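Here is the structure we will look at, set down as structure tokens.
Values in this text are rule-based calculations from the coordinates and carry no lab data. Because the structure is predicted, anything quoted here is derived from the model rather than measured. No Cβ is skipped: glycine too gets one built from the backbone with ideal geometry, and neighbour counts run over all protein chains shown.
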Amino acid sequence: MTRTRSRLSTAAASLTGLVAAAVLLSGCSAIGDLTSSDEKSASASPSPSASATPYPSQFTRDGTFQSHIDINGMDYVYTLYPTKSTPRTNEWYPKGNKYFSFTFQAYDLNRKIRDPFASKRKVYLSRIQVDSDTVTYDGGKTQHPYELDAEAKTITFDPEPLSTKYGMLITSPKGAFELRNQKIKPTSKDTKGIDLHFTATVWVQDSPGSTGFTKKVIKQKVPIAIFQSDKPTQAQKIPVDAN
């Protein structure tokens, strides 16, 4: 049996008590100090959209996307987030390049997180494929601003992943596939959304220590909202090892 669930990773902090106390002690200037401090800290991290999104998207709303796909007690986890080059998802426009990173990992739910690694089923990722489709306001021609089709172990961030004939190990905590700073190309002005379609081909150990493996194909769709603007998405230069 296969089921997919999405976990939202949102955070909220209330300043009501702090502000009230500050007003009693120092007047309105204390409120200004508190709020200006928060704005500075928020600008340093990827920013979810504060505007009404033209296309429903967890990635755009929360500034990240994560899905958990449970197949026979194995949890396959896709995680996507915008990079520091284009961190503000409400400033992703049709023009200009947009950048994201993603990871893919497997967890054996039949075992506890702290159980010995040898007691967990191994999963090897052989191939990763991603294609994309645009969604427009007027039903215009579909574009494909991001495409990927590669042997996983040859492109993952780790130059020497643990590998066998089945591919690279992605069972947590010893293995994970990671790809950074992927470029989504510009699209037509009438674009309101982009759908990324992920396909991972994996080989799953039949049981811990077994020599038998079964092939599985793990798919995931990730919608991304694109906001209308005549100006292009502004991409900042970041270090080669940044994320």
Query raised in the report: Where a Cα-Cα gap under 25 Å defines reach, which lysines qualify for Lys216, not counting those fewer than 8 residues away within the same chain?
Result: Lys112, Lys120, Lys122, Lys153, Lys165, Lys174
Query raised in the report: Which of the GluC sites (Glu not before Pro) found in the range 107-209 are in a DSSP loop and have at most 13 neighbouring Cβ atoms, other than their own, within 10 Å?
Result: Glu147
Query raised in the report: Mind listing the phi-derived Karplus ³J(HN,Hα) values for the range 88-102, rounded to whole Hz, using 6.51, -1.76 and 1.60 with θ = phi - 60°, and x for any glycine or proline?
Result: 8, 5, 7, 10, 8, 10, x, 7, x, 7, 10, 10, 9, 10, 8
Report task. Can you work out the PRE-style zone for Lys189? Point 7 Å along Cα to Cβ, and I want the residues of the range 226-243 with backbone N under 14 Å. Result -> 228-232
Report summary line: For Lys221, counting only aspartates and glutamates whose alpha-carbon sits under 19 Å away and dropping same-chain residues fewer than eight positions off, the answer is Asp62, Asp70, Asp75, Asp131, Asp133, Glu147, Asp149, Glu178, Asp195
Query raised in the report: When the chain is fully extended, how far beyond the present Cα-Cα distance does Leu162 get from Thr199, taking 0.36 nm per residue of separation?
Result: 11.2 nm
Query raised in the report: Where the centre of each part is set by its Cα atoms, how far does the range 83-104 sit from the range 169-243, in angstrom?
Result: 12 Å
Query raised in the report: Counting alpha carbon pairs within less than 8 Å and at least 6 residues apart, what relative contact order, in whole percent, applies to the range 46-225?
Result: 26 percent
Query raised in the report: trypsin sites (Lys or Arg not before Pro) within the range 121-154: which are DSSP loop residues with at most 16 other Cβ atoms inside 10 Å?
Result: Lys141
Query - Label-to-label distance, nm, for residues given as Ser119 and Lys174 (7 Å Cα→Cβ offset) - result: 1.5 nm
Report task. Determine which residues of the range 191-222 fall in the zone a paramagnetic label at Gln129 would reach in this model, i.e. backbone nitrogen under 14 Å from the point 7 Å along Cα→Cβ. Result -> 197-202, 216-220
Query raised in the report: For labels at Gln182 and Ser210 in the simple 7 Å Cα→Cβ model, what's the distance in nm?
Result: 3.0 nm
Report task. Enumerate the lysines that Lys237 could reach by cross-link, defined here as Cα to Cα under 22 Å, with residues fewer than 8 away along the same chain left out. Result -> Lys40, Lys84, Lys95, Lys98, Lys183, Lys185
